[in-house]
Amino acid sequence: MTKVILSILCLMFSGSAVANSIFKCIKDDKIVFSQHSCPKEFRQHKIEYQLGITTETDSDKRTNTVDPLQALLQKEVISKTRLLQLLDSEMYRLKQENSYFEILRASELQKLERNRYWQKKETTDPAYIASIEEMNLHFDNLIANNASTIILLDDHKEQITLETSNAK
């Protein structure tokens, strides 16, 4: 029960486009949570969160999930104005996520600093320095990934804007 609540909370805070439904994959005594359909060898329960209500449904039928970024970039069934709105909202979400990563980095740094203090280690301790470098590398990679996605979305937005202005 704790795992279900924890995974639902994590998905709520992740801000992803499919954050209101996840899949609980069950095989023997192993339980895995995923945002995508479960592999064939797993039984599948769909967990949906909407308006403060969580619903778990046994759904062994597979669904094809579409990457929201790919759906935005392919622009098959979305009007140009709606696509521009979605691109803006996705860029905003990614910027917010980068801010959240900076908050997490500061929190993680405080945690490492507390551990170093209580273990009575110096700031020059190789293990402490390595853990800080590992933490910084992790968050730098997350932020760089989001920044590159923001640049890609911004380029696509400019392309759509040019196409729209040239069509007039």
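Each value in this text was obtained by applying a stated rule to the coordinates, not by laboratory testing. What you are looking at is a predicted structure, and each value in this text was computed from that prediction instead of being measured. Virtual Cβ from ideal backbone geometry, glycine too; neighbours counted across all protein chains shown.
Worth pointing out:
- At R0 = 30 Å, FRET efficiency that the Cβ-Cβ distance of Leu152 and Leu112 yields, to 0.05: 0.35
- Overall dimensions of the range 129-168 as given by Cα atoms, namely Rg and Dmax in Å: 17.3, 58
- For the range 84-90, backbone phi angles converted through the Karplus equation (6.51, -1.76, 1.60; θ = phi - 60°) give residue-by-residue couplings of 4, 5, 5, 5, 4, 5, 5 Hz, Gly and Pro being listed as x.
- The range 78-168 - convex hull of the alpha-carbon atoms, volume per residue in Å³: 81
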